[in-house]
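Before any comments, here is the structure.
The values are calculated or read from the model by the stated rules, or taken from the named source; none is laboratory data. Just so we're clear, the structure is a prediction, and the values are computed from it rather than from any experiment. Cβ atoms come from the backbone with ideal geometry, glycine included; neighbour counts cover every protein chain shown. What goes into the accessible areas is simple: the full protein's heavy atoms, side chains included, and nothing from ligands, DNA or RNA. Shrake-Rupley method; radii C 1.70, N 1.55, O 1.52, S 1.80 Å.
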Amino acid sequence: MKRTKISHLLRTEPRQQTVLVQGWVRTFRNNQFIAINDGSTIHNIQAVVELNSQEENLLKRVTTGACVAVTGELIPSPAKGQAVEIKVKQLEILGDSDAEKFPLQPKRHSLEFLREIAHLRVRTNTISAVMRVRHAMAFAVHQFFNERGFYYVHTPVITGSDAEGAGAMFRVTTLDLNKPARTPEGAIDVKQDFFGRETNLTVSGQLEGETYAMALGEIYTFGPTFRAENSNTARHLAEFWMIEPEMAFYDINDNMQLAQDFLQYLAKYALDHCADDLAFLDKRAAEEEAAKPQDQRSELGLLDRLKFVVENDFQRLSYTEAIDILKNSNPNKKKKFQYLIENWGTDLQSEHERYLVEKHFKKPVILYNYPKEIKAFYMRHNEDGKTVAAMDVLFPGIGEIIGGSQREERYDVLLKRVQDLKLPEKELWWYLDLRKFGSAPHSGFGLGFERLIQFVTGMTNIRDVIPYPRYPGSAEF
Ligand code: 4AD
Ligand code: MG
């Protein structure tokens, strides 16, 4: 007999048809009611065993965590909260579970504990809901760009230069670390390494993405990125996924509009397609909020925040305007900020970003035109000589969710910047080439996929929205 997924059965009209369900036991009550989950939905289906109808030895093996196959009649359920249940005719144990040792009991476990059993944590309601939403968001990313005629480009994971300068990198080598090949001078001889040069894991696909935008027009990348920063925060991973669209003929304003449209599309997609999981996560987030002191609670619940993003324009604000607001803000005057805002030109810390988004505007903010000193070399220089056409999208509870810019398309200006910053001009030859052969105004940005999932699911720690998080000191599983 063919298996039917629980998500389908729960929407099926019960007419005593015989069905087969396969899944994992969540609970087994009174030697009679088995709650089975197969991952197709957050909801379990109840399988009812008629007393004495099954062998006692078989029922003993129905424990939380065991994998079972149940064949029986789909009937209307007398119990509250479920339309149908299964009257069991045949029960088979596909995989026993050692009830004494199975670490997931039918109760709430802390997220910290669940990280230690990352191979099993997806069997909880919370993590499975997050992972289904994660899937839906990945799908929606491709759908959004496909609908708009963007091409999906696979940029390399192993790269030969640190052109981006986005952060410390992970070295890739096949040299014997105990006795690496050395030059006559005693230095490590990278010419004898696998690629004949120093290589690292990529921190961003942007520079290669730009080369493709200069032929295909509008492209995007969606792949893993690696940063060896020693940041142990709830918003940083050493391995994360980034979506990087790059568009010929877009200026900074077109770029900001696309970023807003993109985020609104994704939030709406989640509301439209992940209702069950979001309802669960909304309730979960509300319980978490209720446990916080009154003044630290956020005003909107998870679903309200998603709707708010879909329905409201993001606030666009230049860096210079932001500095004025921050300088005159209460926390600055009362010296409540850890980093006080005194001069134009200082980099903004997350406390400042959060003040703007959560206290001052109470909506997502797009900050643009930053001082050139605090931004990457490839951003387009503005006429004022001081700022570049950078843009960061700031979200409540998350901070920076998107970073991007209009790119410097003028060869002379870009070359001078590369030289002023003493960047490896030789390694950047191909990137500079773009500006010699049919250069075009163009723009792009990067969305941190896990930060998006944090926003959509309301999970406060980024380590809980990726299956196997990588961070300093942790690469088990
Ligand atoms: O601001 P970032 O460093 O920008 C770039 O890498 C550009 N090349 C993007 C572009 O213009 N094509 O990173 C972009 C986004 C951030 O806004 C953040 O959401 C996410 O990537 N991000 C991280 N997410 C998780 N862990 C980390 N360590 C992250 N670093 C950046
Ligand atoms: Mg950034």
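Observations on the model:
- Selection of first residues in the stretch 278-305 that are at pLDDT 90 or above and of second residues that are part of a helix (DSSP H, G or I) and of a type outside the set (A, V, I, L, M, F, W, C), restricted to Cβ pairs under 7 Å at least 6 apart or on distinct chains, gives the following pairs, ordered by first then second residue: Phe280/Asn125; Leu281/Thr457; Arg284/Thr126; Gly301/Asp282; Leu302/Asp282; Leu303/Asp282.
- Residues of the stretch 256-289 classified as of a type in the set (D, E, K, R), over 30 Å from Ser405 (Cβ atoms) and open to solvent by less than 70 Å² (accessible area, probe 1.4 Å), total: 5
- Checking Arg470 against (1) touching a strand residue (DSSP E or B) at 6+ places or on another chain (Cβ under 6 Å); (2) farther than 20 Å from Leu201 by Cα; (3) among the basic types (Lys, Arg); (4) away from ligand 2 (no atom under 16 Å from the Cβ), the condition it does not meet: (2)
- Residue satisfying all of: in the stretch 438-461; in contact with an Asp or Glu (Cβ under 6 Å, 6 or more places away or on another chain) and not in a loop (DSSP other than H, G, I, E, B); nearest to ligand 1 (Cβ to nearest atom) among these: Gly446
- Candidate set: the stretch 357-403, residues that are charged (D, E, K, R) and part of a loop (DSSP other than H, G, I, E, B); chosen: the one surrounded by the most Cβ atoms within 10 Å (Cβ to Cβ): Arg380
- Residue in the stretch 426-437 that is most open to solvent (accessible area, probe 1.4 Å), counting only those that are more than 16 Å from Met379 (Cα to Cα) and part of a loop (DSSP other than H, G, I, E, B): Lys426
- Thr173 being hydroxyl-bearing (Ser, Thr, Tyr), within 21 Å of Ser439 (Cα to Cα) and more than 16 Å from ligand 2 (Cβ to nearest atom): no
- Summed over the stretch 208-219, residues that are open to solvent by less than 10 Å² (accessible area, probe 1.4 Å) and not β-branched (Val, Ile, Thr) total 3.
- Answer from Glu208, Glu244 - the residue that is touching a Pro at 6+ places or on another chain (Cβ under 9 Å), within 11 Å of ligand 1 (Cβ to nearest atom) and modelled with pLDDT of 95 or more: Glu208
- Filter result for Lys375 (under 30 Å from Leu452 (Cα atoms), among the charged types (D, E, K, R) and within 13 Å of ligand 1 (Cβ to nearest atom)): yes
- Looking across the stretch 228-239, the residues that are open to solvent by 20 Å² or more (accessible area, probe 1.4 Å), within 15 Å of the chain's Cα centre (by Cα) and within 16 Å of ligand 2 (Cβ to nearest atom) come down to Thr233, Arg235, His236.
- One residue from Ala279, Ala290, Ala259, Ala270 being of a type in the set (A, V, I, L, M, F, W, C) and within 16 Å of ligand 2 (Cβ to nearest atom): Ala259
- Residue count for the stretch 404-415 under the criterion of being in a helix (DSSP H, G or I) and in contact (Cβ under 8 Å) with a residue 60 or more places away in the chain: the result is 0.
- Screening the candidates Lys416, Lys436, Lys422 for the property of being more than 15 Å from ligand 2 (Cβ to nearest atom), more than 28 Å from the chain's Cα centre (by Cα) and on the phi > 0 side of the Ramachandran plot yields one hit, Lys422.
- Leading residue by the ranking (farthest from the chain's Cα centre (by Cα)) among those in the stretch 19-39 that are crowded, with 17+ Cβ neighbours inside 10 Å and not aliphatic (A, V, I, L, M): Phe28
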